[in-house]
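The values are calculated or read from the model by the stated rules, or taken from the named source; none is laboratory data. Computed from a predicted model, the values in this text were never measured in an experiment. Because the Cβ atoms are built from the backbone with ideal geometry, glycine has one as well, and the counts that use them run over all protein chains shown. Please note that ligands, DNA and RNA were not included when accessible areas were found on the heavy atoms of the full protein model with its side chains. Shrake-Rupley method; radii C 1.70, N 1.55, O 1.52, S 1.80 Å.
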Amino acid sequence: MIKRTIYGVALGTIVLSSGAIATPVTNSTFTPVSSSISNDAFKIAASSIDTTALEQSVFNQVNSYRTSQGLPRLTRNSAIDNQARIHSQDMASGRVPFGHTGFSQRIKAIGISYASAGENVAYNMGATDPATRAVQGWLKSPGHLANIRGNFNKTGIGVATNSAGKVYFTQIFLR
């Protein structure tokens, strides 16, 4: 059984996605990036982003939230990380649209037996702390929060950037 609860965060706007329907919800903490910043600045910034550190930051923040709520910590799994990274890379490169295209195939490709699965995706651009921006967006969204608080015990996180400076996040949850 796949628990297909899927959501995303885009440029300060939380996009809730279930199938082909998306309902945007304004994130009041969004601060637009100044239009005086050139595309070259974003390319330089994107090339210097430590995606491994961002993945670890998401993992730490989600587990910190879970433990603050009396929930057990998630265990990070390299096979899940790998599929999350591939999805983030595919979204960043434009091979797949932002969202959950291929969710079922990703879960199967992980190769771990599971009872339920969920996925959160996000992207942002120009944030000083892109991982915190993504996690805070997820925590303010009931659907994302349901995955973070869900009855899962394993997770994987993948982060990728593109030349425009967008930072894409995928977090997969399994039980």
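Accessible area per residue, 1.4 Å probe, Å², for region 51-174: what's the number? Could you put the intermediate results ahead of the total?
Values: 4760 Å² over 124 residues.
Using a 1.4 Å probe on heavy atoms only, each residue of region 51-174 averages 38 Å².
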(message) Testing the spin-label approximation: label points 7 Å from Cα along Cα→Cβ at Ser116 and Ala164. State their distance in nm.
(response) 3.5
(request) In Å and from the alpha-carbon atoms only, list the Rg and Dmax of region 51-174. (result) 13.3, 40
(message) I want the local charge near Thr67. Using Cβ-Cβ distances under 13 Å, sum +1 for each Lys or Arg and -1 for each Asp or Glu among the other residues.
(response) +3
(message) Over all directions, the average projected area of the alpha-carbon convex hull for region 132-175 comes to how many nm²?
(response) 3.3
(message) Tell me the net charge near Arg85. Cut-off is 12 Å between Cβ atoms, Arg85 excluded, with +1 for each Lys or Arg and -1 for each Asp or Glu.
(response) -2
(request) Mind giving me the nanometre distance, one decimal, between the label points for Leu71 and Ala146, set 7 Å out from Cα along Cα→Cβ? (result) 1.3
(message) For a quick check of understanding: with a 1.4 angstrom probe and all protein chains in place, what accessible area in square angstrom does Asp50 have, to the nearest ten?
(response) 90
